[in-house]
Amino acid sequence: MTGNEAVAFALKQIDPDVIAAYPITPQTDIVQYFSSFVADGAVKTEFVTVESEHSAMSATVGAAAAGARAMTATAANGLALMWEILYIAASNRLPIVMPVVNRALSGPINIHCDHSDTMGARDSGWIQLYSENAQEAYDNMFQALRIAEHPDVLLPVMVCLDGFIISHALENLVVNEDELVKNFIGAYKPQYPLLDVDNPVTVGPIDMYDFYFEHKRQQSEAMKNAQEVILAVAREYEQKTGRSYGLFEEYRMDDAEVAVLVMSSAAGTAKAAVDELREQGHKVGLVKLRVFRPFPHEKLAGALQHLKALAVMDRAESFSTMGGPLFNEVRSALYGAGGGPLVRDFIFGLGGRDIGVAEIVEIFKKTLETAAAGKVDEMVCYLGVRE
């Protein structure tokens, strides 16, 4: 299956109550494939076609508030058009799951992959899971639902997959039996559905300075709770499927002296670079971050502490003049942890620019040079750009 087909098939197995659909490249296939399941009577989902992505998230929020298991999907400028409603979904503690096919934000107009869309939404209160390949995107969908609906969390979740690189690439993957999915996700039992007329609630009221701060604090605590819930759900999923996930994955890190930290599809390429350099006798390793929100700062700092130097690969630019968003989160996590590696940022792949094993080998070589020199000469590098 392609990544988009895999996500659509996961949606079919979930059979949500409501899906609000609006097309945008390179996400369109997800809702298009799912619409065929609706037309064929393979699901019971109420499929709502809307006039914009803002409307898609609004319809999903309304359905979720009513007590439905509600979902949608988007990418890039579509996610940006949802901006206002992303915050409303999180603030109302609605357990929505939304696959986001990562694509560069305009302008100039670009339909290919980078992470500027979801990184722009990193502070909206949504949990964010990133997928290395179609298999992980498929598996993340089921886990995301359990995480979102957990009573200690009740926050929306984005399942992120790289545009075209994953969304349109054909891969072999293992799919679950329908009965396994049904037993794993269980029946949805909303705590405070708007349509429970015997127990009326207010959704989306005005919230002035007398209570707004407390509600934000509750969201923060829910995000903190999510980290252990993510791990507990992953353990249960592994027991049922044999496929293991965590907050991040370590690859050949036990005796590594330098490492690369990266998210999504570039992790697979980086593993090949690690293997190549290991054959040459270099002690290098890789950390693939799966969970960006909540950011696993303590556990990540522990995994990186023994390194001499670390390269962070960002597929987004923050325009802070201090590197990309992933780099700044990682450096913040390491600050005050005692010792730790020298850290450099490599911004790469913006607008879908390709990155191969040779380019990542070059990152490792520069990082080995940093370790040998004992200092960082250039904090932020732009990989593969015509300067």
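The values are calculated or read from the model by the stated rules, or taken from the named source; none is laboratory data. Model, not experiment: these values are computed from the prediction. Using ideal geometry, Cβ is built from the backbone for each residue, glycine included, and neighbour counts are taken over all protein chains shown.
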Selection count, the stretch 124-161, where residues are charged (D, E, K, R) and outside any loop (DSSP other than H, G, I, E, B): 4
Residues that are buried (at least 23 other Cβ atoms within 10 Å of the Cβ) and either without any contact (Cβ under 8 Å) to a residue 24 or more places away in the chain or part of a loop (DSSP other than H, G, I, E, B) (or both), drawn from the stretch 254-273: Ala256, Ser264, Ser265
Residue within the stretch 230-253 that is in a helix (DSSP H, G or I) and of a type in the set (Asp, Glu) present: yes
Breaking point among (1) in a helix (DSSP H, G or I); (2) in contact (Cβ under 8 Å) with a residue 40 or more places away in the chain; (3) in contact with a strand residue (DSSP E or B) (Cβ under 6 Å, 6 or more places away or on another chain), for Arg331: (2)
Tally, over the stretch 6-30, of residues that are without any contact (Cβ under 8 Å) to a residue 40 or more places away in the chain and either polar (S, T, N, Q) or touching a Leu at 6+ places or on another chain (Cβ under 9 Å) (or both): 1
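Matching residues to (1) closer than 23 Å to Ala104 by Cα; (2) surrounded by 18 or more Cβ atoms within 10 Å (Cβ to Cβ); (3) basic (Lys, Arg); (4) not assigned by TED's automatic domain parsing to the domain that holds Thr118:
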site: Arg217; (1), (2), (3), (4): no, no, yes, no
site: Tyr237; (1), (2), (3), (4): no, yes, no, no
site: Leu277; (1), (2), (3), (4): no, yes, no, yes
site: Gly281; (1), (2), (3), (4): no, no, no, yes
site: Phe292; (1), (2), (3), (4): yes, yes, no, yes
site: Leu307; (1), (2), (3), (4): no, yes, no, yes
site: Gly324; (1), (2), (3), (4): yes, yes, no, yes
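Residue by residue, here is whether (1) aromatic (Phe, Trp, Tyr); (2) under 20 Å from Ser265 (Cα atoms) holds:
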| site | (1), (2) |
| --- | --- |
| Met313 | no, yes |
| Met322 | no, no |
| Pro325 | no, yes |
| Ser332 | no, no |
| Tyr335 | yes, no |
| Gly351 | no, yes |
| Phe364 | yes, yes |
Test: Glu171 is closer than 28 Å to Ser244 by Cβ and touching a helix residue (DSSP H, G or I) at 6+ places or on another chain (Cβ under 8 Å): yes
Matching residues, the stretch 28-77, being in a loop (DSSP other than H, G, I, E, B) and not hydrophobic (A, V, I, L, M, F, W, C): Asp40, Gly41, Lys44, Thr45, Glu51, Ser52, Gly67, Arg69, Thr72
Residue pairs meeting the criteria (Cβ under 6 Å; at least 6 apart or on separate chains; first under 25 Å from Ala76 (Cβ atoms) and in contact (Cβ under 8 Å) with a residue 24 or more places away in the chain, in the stretch 31-59; second assigned to a helix (DSSP H, G or I) and of a type in the set (Asp, Glu)): Tyr33/Glu5
Output for the stretch 360-379, where each listed residue is under 26 Å from the mean Cα position of the chain (by Cα) and either outside the structural domain of Lys288 (by TED's automatic domain parsing) or surrounded by fewer than 18 Cβ atoms within 10 Å (Cβ to Cβ) (or both): Met379
Residue under evaluation Ala337, criteria (1) surrounded by fewer than 22 Cβ atoms within 10 Å (Cβ to Cβ); (2) modelled with pLDDT of 95 or more, criterion not met: (2)
Enumeration of residues in the stretch 69-84 that are without any contact (Cβ under 8 Å) to a residue 60 or more places away in the chain, crowded, with 21+ Cβ neighbours inside 10 Å and either of a type outside the set (Ser, Thr, Tyr) or more than 27 Å from Lys12 (Cβ to Cβ) (or both): Ala70, Gly78, Leu79, Met82
Filtered residues of the stretch 35-62 (kept if among the charged types (D, E, K, R), surrounded by fewer than 16 Cβ atoms within 10 Å (Cβ to Cβ) and under 16 Å from Met82 (Cα atoms)): Glu51
